[in-house]
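No lab work stands behind these numbers, since they all come straight from the coordinates. In this text, all values refer to a predicted model and were calculated from it rather than measured experimentally. Here the Cβ is made from the backbone with ideal geometry for all residues, glycine too, and neighbour counts use every protein chain on show.
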Amino acid sequence: MYNGDLSSKEYDGYYGRYIDKVSPKQDLREGFEVGRNTVKIFFESISTDKQEYRYDNNKWSPKEILQHLIDTERVFMYRCFRIARNDKTSLAGYDQNIYVDPSGANQKSMTELISEFEIVRQSSISFINSVTDYQLTYIGNASGGDMSARAAAFTIIGHEIWHIDIIKERYLV
């Protein structure tokens with residue numbers, strides 16, 4: 001199952017910013033494996049003096065961004081799970097901003113955050129490998145719009161690419 005298989009009818013246009021970051025030739029299951037390594041290596045490479053850096057007072061630090069990636073993966077994989085199980089219950093929206101402060105990301109070490117990421121990612125990989133391509137095409141409702149299980153999963157992959165690009169452009173210059 002490839003990102004290029006997705007139809008724009010499978011997700012709200014807002015998520016296109018993330019899904020479009022993923023190559024149309026990217027296989028979903030392989031994308032989770034590649035992403036696990038990419039995210040781990042990238043965040044391990046951030047120097048200690050940049051881990052809590054903010055380029056603006058209202059922006060998150062790299063540690064907070066990694067925690068945000070972890071939290072978002074949990075939310076979107078839950079969506080993927082519910083939809084792949086053909087649950088038609090409308091799933092609530094996700095206000096990412098209210099999760100950051102209570103997460104205490106800047107009080108955690110980068111090693112702790114990376115470990116948490118790897119555990120969450122392994123769970124995601126396990127689930128993705130347990131469902132069929134057909135189940136991943138099921139459509140549900142999340143945040144008031146249609147979303148397929150596979151669109152929720154590809155959003156996770158594109159979302160991490162999006163944030164790594166931002167860190168490279170705005171934090172590590």
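Descriptive notes on the structure:
- Failed item, numbered, when Asp71 is tested on (1) more than 27 Å from Gly104 (Cβ to Cβ); (2) free of Cβ contacts under 8 Å to residues at least 60 places away in the same chain; (3) surrounded by 13 or more Cβ atoms within 10 Å (Cβ to Cβ); (4) of a type in the set (D, E, K, R): (1)
- Selection count, the stretch 99-125, where residues are under 13 Å from Ala84 (Cβ atoms) and either hydrophobic (A, V, I, L, M, F, W, C) or free of Cβ contacts under 8 Å to residues at least 40 places away in the same chain (or both): 0
- Single condition Arg17 does not satisfy, out of (1) surrounded by fewer than 14 Cβ atoms within 10 Å (Cβ to Cβ); (2) of a type outside the set (Phe, Trp, Tyr); (3) free of Cβ contacts under 8 Å to residues at least 40 places away in the same chain: (3)
- Per this entry, Val39 is not counted among residues that are assigned to a helix (DSSP H, G or I) and more than 14 Å from His163 (Cα to Cα).
- Taken as a whole, the structure places Asp49 among residues that are assigned to a helix (DSSP H, G or I) and farther than 25 Å from Ala142 by Cβ.
- Scanning the stretch 52-59 for any residue that is touching a Phe, Trp or Tyr at 6+ places or on another chain (Cβ under 9 Å), under 16 Å from Ala105 (Cα atoms) and of a type in the set (S, T, N, Q) turns up nothing.
- Boolean, Asn86 is farther than 15 Å from Gly35 by Cβ, surrounded by fewer than 16 Cβ atoms within 10 Å (Cβ to Cβ) and either in contact (Cβ under 8 Å) with a residue 12 or more places away in the chain or in contact with a Cys (Cβ under 9 Å, 6 or more places away or on another chain) (or both): yes
- Across the stretch 101-123, the qualifying residues are those that are in contact with a helix residue (DSSP H, G or I) (Cβ under 8 Å, 6 or more places away or on another chain) and among the hydrophobic types (A, V, I, L, M, F, W, C), and the one among them that is nearest to Lys50 (Cα to Cα) is Met110.
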